[in-house]
Amino acid sequence: VVLLMTFALFAGVMFAGDEVDDTRKDLMVYVLGVLSTVSTQVIAYYFGSSSGSQSKDATIKNLTK
């Protein structure tokens, strides 16, 4: 969901162009920065922490057999 929101807002900033006033555009860019940071954390967790935890669990299971 976070990734979809990030891409949707990114598309909104890219394609809205001059239709959005400066104040609202600044707010959209700020929120896009926050969503980009959260998206990076989501991806890092999914491919980093959770996959490392799965391999650790598999190693422990193999050692206990």
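Side notes on the structure shown:
- Test: residue in segment 37-51 that is open to solvent by 70 Å² or more (accessible area, probe 1.4 Å), outside any helix (DSSP H, G or I) and without any contact (Cβ under 8 Å) to a residue 12 or more places away in the chain: no
- Within segment 5-27, the set of residues being charged (D, E, K, R) and over 21 Å from the mean Cα position of the chain (by Cα) comprises 18, 19, 21, 22, 24.
- Selection count where residues are in a helix (DSSP H, G or I) and either at pLDDT 80 or above or open to solvent by 50 Å² or more (accessible area, probe 1.4 Å) (or both), scope segment 7-21: 8
The values are calculated or read from the model by the stated rules, or taken from the named source; none is laboratory data. Predicted, not measured: the structure shown is a model, and the values here were computed from it. Cβ: placed from backbone, ideal geometry, glycine included. Neighbour counts: every protein chain shown. When the accessible area is computed, the model is the full protein with side chains, heavy atoms only, and any ligands, DNA or RNA have been set aside. Shrake-Rupley method; radii C 1.70, N 1.55, O 1.52, S 1.80 Å.
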